[in-house]
Amino acid sequence: MGKIVAFHSYKGGTGKTLLSVNLAAIYAKRGKSVCLFDLDFRAPSLHATFATDAPECWLNEYLNGTCDIKRTLIDLSQQHGNGGKFYAGLANPTTEAIRDMSAKDRKWEMRALGRLLSLKNSLLNDMHLDYLIFDTSPGLQYSSINAIVSADVVLVVTSLDTSDIKGTQRMTHELYDLFEKKTGILLNKVLTEALTTESQKRNLYERLHNIHTLPILEVIPCFCDILRAGGTQIFAEEKPDHPFTKTLEKIATKIENF
Amino acid sequence: MTYRRPEKSSTQILEKIRESLDRLNEKMDVFIEIQKHNPRGGLDQTIPDVLDVMTLLSLPDHLRKTAVSLCKLGQATAEEVAEQTKRARAVESGYLNQLMLMGYVKKERKGRKAYFYVEKEEKE
């Protein structure tokens, strides 16, 4: 059976969307059937990444119980499949929809959790998807915790920023541990100067092991050309030999065996 | 003394006795849980609440595991939950009944089996 992988972080801007889009592209390139969901209803972004027409239904409508999940899926296999199947489910980016999603009550959130949990049946079992990837909103809020509870693997994207480290430590004890999820840390945007020699790398890993009790899946350097691209390119598709793509390839293999 | 196969009516009576015993067992589980968590007794802990993720976070570990499994299954017997959690059926039956008393889950009986659920699926 396929896996649900959720990208999460304590703070915003850690690179969840960039990593989730590229990971999905790598799995598609490996011939897998993959689906990427934008579950950040407060700041939707995948509609801009893929620049497609509005879907028949947004994920908002699926969670509202007014639309079947299959009608939310956009088939991007022609543009992004590279041999595999690539679907996306988008969050409605209009201000009205964002306002609507932030005003939901607890009963709605409970039903939304049930609907996310049922994706294992509808997408992984029935549609035989290999990977369903959730791009979630940062911090401790309903939509992201719902996504974490529904996922099989949680990837926590973090940086060396002190407030991010403290927040991630707290979330480890107060969230991930409680739901007994397979969770791994991705340290993103690490300055390349800190990774030039083997001893520097060793020191960094030692430091990380002292900070985090969760396994460190990978350390991802900060690449200026990624920043320069400003989210307009999917490196895993367009630059297969780029070190960023190579790092993502390693992450993809680790998740396969996680 | 030779063994005589019971008549059909006797089988039915035995079946009814077994059903009653099963129900009695479940009621006992509920009372044991009430005693454990509310030693002064009483059934005053029946304030209905919503089993959302924030509630799941606030539950003690043993009940959270049961509640998450039931959320995944939608509707399930104590035995089905026990299969997921790898704990004994009687243990899960106790936890599910406790969650029911806390107002987070509901119970419905179909024949001899008791089904627990968070919320009935609506036809859309």
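No lab work stands behind these numbers, since they all come straight from the coordinates. None of the values given here were measured: they were computed from a predicted structure. Using ideal geometry, Cβ is built from the backbone for each residue, glycine included, and neighbour counts are taken over all protein chains shown.
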Response to the item:
Dipole check, the protein assembly as shown, charges on Cβ (K,R +1; D,E -1), about Cα centroid: among A:P44, A:I226, A:I255 the Cα furthest to the positive pole belongs to A:I255
Fill in: A:Q141-A:T94 pseudo-label distance in nm [points 7 Å out on the Cα-to-Cβ vector]
2.0
Practice prompt. Determine the dipole magnitude for chain A: charges of +1 sit on the beta-carbon of Lys and Arg, -1 on that of Asp and Glu, nothing else is charged, the reference point is the Cα centre, and the result goes in debye to the nearest 20.
Written response: 400
Worksheet, complete the sentence: Under the Karplus relation with 6.51, -1.76 and 1.60 and θ = phi - 60°, whole-Hz ³J(HN,Hα) for the range B:82-91, x at Gly and Pro, equal 4, 4, 6, 8, 6, 10, 5, 4, 4, 5
Worksheet item: Under 5 Å between amide H atoms, partner at least 5 residues away or on a different chain: which partners does A:L132 have, H built in plane at 1.01 Å?
Response: A:K3, A:I4, A:V5, A:C35
Practice prompt. Just subtract the alpha-carbon distance of A:E56 and A:M1 from 0.36 nm times their residue separation and send over the number in nm, one decimal.
Written response: 17.1 nm
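Assuming R0 = 25 Å, can you tell me the calculated FRET efficiency for the pair A:K70 and A:E238, based on Cβ-Cβ distance, to the nearest 0.05? Could the numbers behind the result be given before it?
Details: r = 29 Å, r/R0 = 1.18.
E between A:K70 and A:E238, to the nearest 0.05, is 0.25.
Tell me what the protein assembly as shown gives for mean residue ellipticity at 222 nm when only DSSP H runs of n ≥ 4 count, each as -39,500 (n - 2.57), the sum divided by the residue total, rounded to 500 deg cm²/dmol. Mind dumping the intermediate values first?
Values: 16 runs with 171 residues, N = 382.
Helices in the protein assembly as shown give a 222 nm mean residue ellipticity of -13500 deg cm²/dmol.
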Practice prompt. Shielding by partners for B:58-70, please: the mean number of other protein chain Cβ atoms within 10 Å of each residue's Cβ.
Written response: 1
Discussion item. For a quick check: sort A:H212, A:H173, B:H62 by the number of other beta carbons within 10 angstrom, fewest at the front.
Written reply: A:H173, B:H62, A:H212
Fill in: Rounded to 5, percent antiparallel among DSSP beta bridges of the protein assembly as shown
25
Discussion item. With a 10 Å cut-off between alpha carbons and a GNM built on chain A, which of A:S20, A:S199, A:S77 moves the most?
Written reply: A:S199
Worksheet item: Too long at a 22 Å Cα-Cα cut-off: which of A:K70/A:K182; A:K166/A:K189; A:K16/B:K86?
Response: A:K70/A:K182; A:K16/B:K86
Worksheet item: Dividing the convex hull volume of the Cα atoms of the range B:10-117 by its residue count, what figure in Å³ per residue is obtained?
Response: 105
Worksheet item: Can you run phi through the Karplus equation (6.51, -1.76, 1.60; θ = phi - 60°) for the range A:34-41 and list ³J(HN,Hα) in whole Hz, with x for Gly and Pro?
Response: 10, 9, 10, 10, 8, 9, 9, 6
Practice prompt. Using 0.36 nm per residue of separation minus the Cα-Cα distance, give me the extension gain between A:R228 and A:E174 in nm, one decimal.
Written response: 15.8 nm
Response to the item:
With x for Gly and Pro, the residue-by-residue ³J(HN,Hα) of the range A:191-200, computed from phi through the Karplus equation 6.51 cos²θ - 1.76 cosθ + 1.60 at θ = phi - 60° and given in whole Hz, is 4, 4, 4, 7, 10, 6, 9, 4, 5, 4
Worksheet, complete the sentence: Between the residues A:G139, A:F244, B:T11, the Cα farthest towards the positive end of the dipole of the protein assembly as shown, that dipole coming from +1 and -1 charges on the beta-carbon of Lys, Arg, Asp and Glu, is from B:T11
Item to complete: With just the Cα atoms of the protein assembly as shown, tell me how far they stretch along each of the three principal axes, in Å, largest first.
Response: 87, 50, 46
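Scale the Cα Rg of the range B:80-119 by the rule-of-thumb value 2.2 N^0.38 Å and send over the ratio, two decimals. Don't skip to the end; give the middle numbers.
On the way: Rg = 10.0 Å, N = 40, 2.2 N^0.38 = 8.9 Å.
Relative to the rule-of-thumb radius for its length, the range B:80-119 sits at 1.12.
Computed over the Cα atoms of the range A:88-198, what is the convex hull's projected area averaged over all directions, in nm²? Write down the numbers at each step before the final one.
Values: hull surface 39.1 nm².
Average of the hull's projected areas for the range A:88-198 equals 9.8 nm².
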Practice prompt. List every residue whose amide H lies under 5 Å from the amide H of B:G74, counting only residues 5 or more places away in sequence or on a different chain, with H placed 1.01 Å from N in the peptide plane.
Written response: none
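I'd like the trypsin sites (Lys or Arg not before Pro) in the range A:108-158 restricted to DSSP loop residues with at most 16 other Cβ atoms within 10 Å, sorted by number. Before the final figure, lay out each step's value.
Numbers: sites: A:R111, A:R115, A:K120; in loops: none.
The qualifying sites: there are none.
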Discussion item. Using Cβ counts within 10 Å as a stand-in for footprinting exposure, how do A:C224, A:C35, B:C71, A:C57 rank, fewest first?
Written reply: A:C224, A:C57, B:C71, A:C35
Fill in: Under 5 Å, built H, 5+ apart or other chain: amide partners of A:K182
A:V154
Worksheet item: In the protein assembly as shown, with Lys and Arg counted as +1 and Asp and Glu as -1 at Cβ, which of these residues, A:L119, A:T197, B:S58, has the Cα nearest the positive end of the dipole, that is, farthest along it?
Response: B:S58
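Assuming R0 = 41 Å, what is the FRET efficiency of B:I17 and B:V91, from their Cβ-Cβ distance, to the nearest 0.05? The partial results should precede the final answer.
Values: r = 25 Å, r/R0 = 0.61.
That gives a FRET efficiency of 0.95.
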Worksheet item: Cysteines without a disulfide-compatible partner in chain A, using Cβ under 4.7 Å as the rule?
Response: A:C35, A:C222, A:C224
